[in-house]
Each structure stands twice: as C-alpha cells, then as structure tokens.
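Down below is the structure, laid out as structure tokens.
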Amino acid sequence: YSRQQRVAGKTVGKVWVFLDATERFRSEERIRASEEKYRTLFEESKDVVFISTPGGRFLDINQAGVDLFGFSSKEELLAADITRDLYLEPSDRDRAHRLLEEQGYIKDFQALARTKDGRPLVLLETTTTVRDPDGVIIAYRGILRDVAEQRRLEDQLRQVQRMESVGTLAGGIAHDFNNILSIAVGYLARLEGPEVS
C-alpha cells in the first residue's frame, strides 16, 4: 500500500510499504484445505451427520440424512420441524434433550422416527452439545444411524431361538413320554401273564 508524504501542506512524494504475505497466504491455504477435508468427510459419510438447534431445526445435514428421511432436497429437510415431522415419539426427543443438558452428550441413544412418507425408523443417535461462552447450548452436532433392519433381524433370530427351544423341549417331553409308555406296556404284558392253551 502507499501513503502520500506531505510537507507544509504539499505532496512531496509517496511512501510505499510492502509486506510479505507469504505466511498469511499459506495459513489461509491450510485453513481452506482443512475445511475442505472436513466438508468432504461430512458430505460423503454413509451415516447421517447433522448440526441442529435445540429448538428442533437442522442447520446442516448431509445427503445420507436427506436420503434416510426420504426428502427430495436438503432445503426441504432443513425446513422440517424435527420433533413434529421426524419423531414417532416426541418424548424420545425430550429424553435426549434432558440427557444432553445433563451430560453434554448422548451415545447410541435409541429413538423411534419416521421418513417423510411415514415409514418407521429405529435410530441410534450419538450427539454432543455446542455451547456459547456463557455455557448456553446453542446447537447439537451428531450422527444418526438407522438400525431398523438390524433390529428386525435380531427379532427374527430371537424367534428362531425360541422355536428351537420349544422344539427341543417338545422332543424331550416326547422322549420321556415314550419311556414311560414303554414301561407301562411292559407292566401290562407281565400282568396278562403267559397265554394258556
């Protein structure tokens, strides 16, 4: 930059000042590269990554969230009311709020949610709070994972295990009954005695 040099009210020249901005330029480049790296991680995650307000609006959410909740665009999902439009049980969100206020985080918190068209979801949520300098919660940052299919498979496995247990029990009872029946038939045969001709 330059500054005019004045003497007795007259401009007598200019003073040029040159600053070496190489380090500043490098710092800005490092910051841009870091932001790009985290933006890529955010956008390409197959789990839902989000930032939301305590009041129930998403501030940002990745494409996995748009896809999971069945919205046509990120903007449409950002306009949704999380409690009203996405939770099957608003009390789940209330419980999550209480835990976040008490602990500052939740890990693998299970909540029942739904897609835009009403399909049920079973979500595991891991979230931390963002606080202002006064300690007031101003945002939540978290990850959501739909485990509905996993829960369905676990339920099927439990059902199969129960059926196997019933089958084993029935087989044991049938075996025991067969033994008792064999003994009874044996005693009846002795009571009848030998046939007399």
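The values are calculated or read from the model by the stated rules, or taken from the named source; none is laboratory data. Predicted model only: the values in this text are computed from it and were never measured. Note: ideal-geometry Cβ built from the backbone for every residue, glycine included; neighbour counts use all protein chains shown. Heads up: the accessible areas ignore ligands, DNA and RNA and are worked out on the full protein's heavy atoms, side chains in. Shrake-Rupley method; radii C 1.70, N 1.55, O 1.52, S 1.80 Å.
Starting from the Cα gyration tensor of the stretch 1-80, take the square roots of the eigenvalues, sort them a ≥ b ≥ c, and report rounded, prolate or oblate (rounded when a/c is under 1.5, otherwise prolate if a/b is larger than b/c, else oblate). Since a/c reaches 1.5 and a/b is larger than b/c, the shape of the stretch 1-80 is classed as prolate. The alpha carbons of the stretch 14-137 occupy a box of 70, 36, 26 Å along the principal axes, longest dimension given first. Within a straight-line Cα-Cα reach of under 21 Å, Lys74 can be paired with the following lysines, leaving aside sequence neighbours fewer than 8 residues apart in one chain: Lys37, Lys46, Lys116.
Maximal additional length on extending the Glu89-Ser73 stretch stands at 3.3 nm, based on 0.36 nm per residue less the C-alpha distance. All C-alpha pair distances within the stretch 104-149, sorted into 5 Å bins from zero, spread as 6, 21, 22, 17, 15, 10, 6, 3, 0 percent across the bins. Within the shell defined by Cβ-Cβ distances under 9 Å, the residues around Ile143 carry a net charge of 0, with Lys and Arg each +1 and Asp and Glu each -1. In the context of the full set of protein chains, the stretch 2-73 has a per residue accessible area of 74 Å² (1.4 Å probe). Ranking Pro54, Thr40, Leu78 by how far each Cα lies toward the positive end of the dipole of the stretch 27-95 (charges on Cβ) leaves Pro54 at the top.
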